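The values are calculated or read from the model by the stated rules, or taken from the named source; none is laboratory data. A quick note: this is a predicted structure, and the numbers were derived from the prediction, not measured. With ideal geometry, Cβ positions are generated from the backbone for all residues, glycine too; neighbour counts draw on all protein chains shown. All accessible areas refer to the heavy atoms of the entire protein, side chains included, with ligands and DNA or RNA removed. Shrake-Rupley method; radii C 1.70, N 1.55, O 1.52, S 1.80 Å.
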Amino acid sequence: MLDKRPLGLFDSGVGGLSVMKEVRRMLPSENLLYYADSAYCPYGNKPPEAIRARAFVIVEFLLSMNAKLIVIASNTTSIAALDAVRERYDVPVVGVEPAIKPAVSATRSGRIGVLATEVTLAGSRFSSLVEKFGNKVEVYNQPCPGLVEVVESGAWDKPQAEALLARCIRPLLAKGVDTIILGCTHYPFLRPLIEKLAGGEVRVIDTGGAVARQVVRIIGKNGLVANETEVGRECFFTSGNPEEVGPVFRLLWGTPDIVVERKIL
Ligand code: DGL
């Protein structure tokens, strides 16, 4: 049985597009929905209950659009709401978490750094991950307030962006980390700058590919795969102003003609 229903992805803003790009690369025939909660962005400094409430509203919208699987394309939202969303809705849900396990396998110095939002680093889901996989290494957490806004504004090539990022990375380098985890889906869009500031010896790890592989596995296992001879389409929604966020969507998605529709939830 082929299943043409879309996969539904969401984030506080454009960050989850870094995950959706990997999903699109691995699944060219799937129809994809993306919801950016731009009017409420950033999530990373909001109370977890508020993030959970937004997650419920957005998942309900994606389900009303017939989504067959949900990807919470946000570490912050997954930390705050993944269990609650799984409990409440009868649909497969894939979340994103900082890649502690791969970083532990990659490090030689035994010191890894995690760049993420305050909510992610404070979450019990995150501390459990560190306890489970990181007990033989030193894990240094670095919140990066302001960095999500840099990506949202499309101003990542400005000197202020580099200065802000340098302030986040310097303390990790001072601790001797040789591996840095991008624990926020906005940060892969800053990867060239992060690699430049971290230097060639430091390995930078993100989770987009692993999440996409998990989506491939789940739709295969549950008989949810679309017709592989067709080309999938994308629909983009935002709770913000499409005139403002549209250009950043187009830059990050890499297609000049995508339409971002306003959908206030
Ligand atoms: N991109 C999200 C994450 O992975 C949310 C960031 C935010 O809104 O603060 O954490």
Just one of the numbered conditions (1) within 19 Å of Val215 (Cα to Cα); (2) in contact with a Ser or Thr (Cβ under 9 Å, 6 or more places away or on another chain); (3) of a type outside the set (D, E, K, R); (4) surrounded by fewer than 24 Cβ atoms within 10 Å (Cβ to Cβ) is not true of Leu33; which one? (2)
Here's a check for you: in the range 176-196, which residue that is free of Cβ contacts under 8 Å to residues at least 60 places away in the same chain and surrounded by fewer than 18 Cβ atoms within 10 Å (Cβ to Cβ) is nearest to the ligand (Cβ to nearest atom)? Arg191
Matching residues in the range 25-44 - criterion: being within 13 Å of the ligand (Cβ to nearest atom) and either on the phi > 0 side of the Ramachandran plot or assigned to a loop (DSSP other than H, G, I, E, B) (or both): Asp37, Cys41, Pro42, Tyr43, Gly44
If we keep only residues of the range 93-118 that are within 13 Å of the ligand (Cβ to nearest atom) and open to solvent by 50 Å² or more (accessible area, probe 1.4 Å), then the residue nearest to the chain's Cα centre (by Cα) is Glu97
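May I ask you to verify whether Gly13 is touching a residue at least 40 places away in the same chain (Cβ under 8 Å), in a strand (DSSP E or B) and of a type outside the set (A, V, I, L, M)? Spell out how you get there, then give the answer.
Numbers: touching a residue at least 40 places away in the same chain (Cβ under 8 Å): yes; in a strand (DSSP E or B): no; of a type outside the set (A, V, I, L, M): yes.
Spelling it out, it is not the case that Gly13 is touching a residue at least 40 places away in the same chain (Cβ under 8 Å), in a strand (DSSP E or B) and of a type outside the set (A, V, I, L, M).
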Taking the range 149-172 and keeping residues more than 16 Å from the ligand (Cβ to nearest atom) and either touching a Lys or Arg at 6+ places or on another chain (Cβ under 9 Å) or open to solvent by 60 Å² or more (accessible area, probe 1.4 Å) (or both) leaves Asp157, Lys158, Pro159, Gln160, Glu162, Arg167, Arg170, Leu172
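Can Ser74 be described as within 22 Å of Ala210 (Cα to Cα), of a type in the set (Ser, Thr, Tyr) and surrounded by fewer than 21 Cβ atoms within 10 Å (Cβ to Cβ)? Explain how you work it out, then say what you get.
Details: within 22 Å of Ala210 (Cα to Cα): yes; of a type in the set (Ser, Thr, Tyr): yes; surrounded by fewer than 21 Cβ atoms within 10 Å (Cβ to Cβ): no.
Taking the combined requirement at face value, the residue does not satisfy it.
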Return yes when Gly208 is open to solvent by less than 60 Å² (accessible area, probe 1.4 Å), within 16 Å of the ligand (Cβ to nearest atom), touching a residue at least 12 places away in the same chain (Cβ under 8 Å) and over 30 Å from Lys4 (Cα atoms) and no when it is not. no
Tell me, which residue of the range 50-86 that is outside any helix (DSSP H, G or I) and away from the ligand (no atom under 11 Å from the Cβ) is nearest to Gly183 (Cα to Cα)? Val71
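Hey, any hits in the range 2-14 for a residue that's farther than 28 Å from Gly146 by Cβ, among the small types (Gly, Ala, Ser) and open to solvent by 40 Å² or more (accessible area, probe 1.4 Å)? Spell out how you get there, then give the answer.
Just the residues of the range 2-14 that are farther than 28 Å from Gly146 by Cβ, to begin with: 2-8.
Next, from what is left, pick out any that are among the small types (Gly, Ala, Ser): 8.
Then keep just the ones that are open to solvent by 40 Å² or more (accessible area, probe 1.4 Å); that gives none.
Taking every residue of the range 2-14 in turn, none turns out to be farther than 28 Å from Gly146 by Cβ, among the small types (Gly, Ala, Ser) and open to solvent by 40 Å² or more (accessible area, probe 1.4 Å).
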For Pro47, only one of the following conditions fails: (1) within 16 Å of the ligand (Cβ to nearest atom); (2) in contact (Cβ under 8 Å) with a residue 60 or more places away in the chain. What is its number? (2)
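Considering only residues that are at pLDDT 95 or above and open to solvent by 80 Å² or more (accessible area, probe 1.4 Å), which ones fall in the range 127-148?
As a first pass, look at the range 127-148 and keep what is at pLDDT 95 or above: 127-133, 137-148.
Selection gives Glu131, Lys132, Glu138, Pro145.
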